[in-house]
1. Identify the trypsin sites (Lys or Arg not before Pro) of region 100-155 meeting these criteria: DSSP loop state and at most 16 other C-beta atoms within 10 Å of the C-beta.
2. In whole percent, what relative contact order does region 1-139 give with Cα contacts below 8 Å and a gap of six or more residues?
3. Got the relative contact order for the chain handy, in percent, Cα pairs under 8 Å and 6 or more residues apart?
4. When Asp121, Asp164, Asp169 are ordered from fewest to most other Cβ atoms inside 10 Å of their Cβ, what list results?
5. Send over the per residue convex hull volume for the chain, Cα only, as a whole number of Å³.
6. Which angle from 0 to 90°, rounded to the nearest 10, does the C-alpha axis of helix 20-32 make with the longest principal axis of the chain?
7. Order the peptides 31-43, 215-227, 51-63 from the highest to the lowest mean number of other Cβ atoms within 10 Å of their residues.
8. Helix 224-239: angle to the longest alpha-carbon principal axis of the chain, degrees 0 to 90, nearest 10?
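Each value in this text was obtained by applying a stated rule to the coordinates, not by laboratory testing. All of these numbers come straight from a predicted model, not from anything done at the bench. Methodologically, a virtual Cβ is constructed for each residue, glycine included, from the backbone with ideal geometry; neighbour enumeration extends over all protein chains shown.
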Amino acid sequence: MPATEARSRLHVVLVEPGDSLNVGSVARAMSNLGFANLHLVAPPRYDSERAATTACWATDVLEQAQVHETLAEALAPMQEVVGFTARHGRHRPSHVLLPDWVAGLRERPPVETALMFGPEDTGLRAEHLSACRWLVRIPSAGANPSFNLAQAVLLALSEVSRLDWHRIDELPATDRAREGDLQQLERLVEEAAIRSGFYGKGTPEPLPDLMKRLLRRIEPDTRELPVLLGLFDRINRTLSGRSPVQPLPGEEEGGTE
């Protein structure tokens with residue numbers, strides 16, 4: 001299965017994987033289907049030699065795997081983050097079924113995309129989901145919706161592999177902002193919300209995560225993001241008294257009656 005530029009932009013991100021044998025099985029599934037970018041986020045007991053026992057002919061994937069201390073570090077270079085979870089919740093974004101999400105990739109320019117899978121015991125938690133542009137559910141029987149970690153990665157990549165990657169390579173490139181820059185915007189927006197009193201005592205708990213998902217849905221590119229960063233930086237400077245409040249046209253400098 002030949003590698004293409006678009007395929008090389010897909011990254012499997014395992015958040016806090018607890019069993020090195022599972023990591024090896026994930027590497028094997030990736031190698032079976034021609035994917036090579038593996039990221040491990042804060043693995044508590046990772047043993048590369050133990051992982052190699054289940055990786056079989058995929059030890060090259062393990063050797064090239066990147067280990068990150070934090071999720072923010074792992075996602076910083078990504079332009080899109082996709083979380084795989086079967087859990088529903090009142091304040092979680094709605095799921096997209098795996099085949100439907102993959103179908104949408106056919107007409108979208110390839111970007112650096114993280115396919116994120118949570119810990120074996122808990123799955124992705126609330127603090128992980130705020131970084132996701134999409135939440136994807138792998139179809140399953142209702143009585144048993146949860147897959148083993150390696151199974152989930154294999155099923156996801158198998159579906160993705162059905163795409164005509166050479167055709168996707170021909171789509172025009174996109175300059176969408178990366179996750180690290182979106183995190184900077186996120187911090188400025190949160191600061192403005194706190195300084196202005198939009199966030200404070202009595203703020204509904206889901207509101208900050210909703211705001212984070214909103215920022216990712218607008219998908220600013222590398223020309224638009226500096227404008228947003230500049231705007232919220234100026235708002236924060238004004239709210240903190242470091243910059244003067246400018247009157248609206250027709251208003252007196254001291255304000256309106």
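1. Numbers: sites: Arg106, Arg125, Arg133, Arg137; in loops: Arg106, Arg125, Arg133.
Answer in residue order: Arg106, Arg125.
2. With pairs under 8 Å counted, the relative contact order is 30 percent.
3. Details: 406 pairs, mean separation 52.9, N = 257.
Relative contact order comes out at 21 percent.
4. Values: Asp121 8, Asp164 11, Asp169 14.
Starting with the residue having the fewest Cβ neighbours, the order is Asp121, Asp164, Asp169.
5. Details: hull volume 41.9 nm³, N = 257.
Convex hull of Cα atoms, per residue: 163 Å³.
6. Approximately 80 degrees, to the nearest 10.
7. Working: 31-43: 19.5, 215-227: 13.9, 51-63: 17.7.
Final packing ranking: 31-43, 51-63, 215-227.
8. The helix 224-239 is inclined about 50 degrees to the chain.
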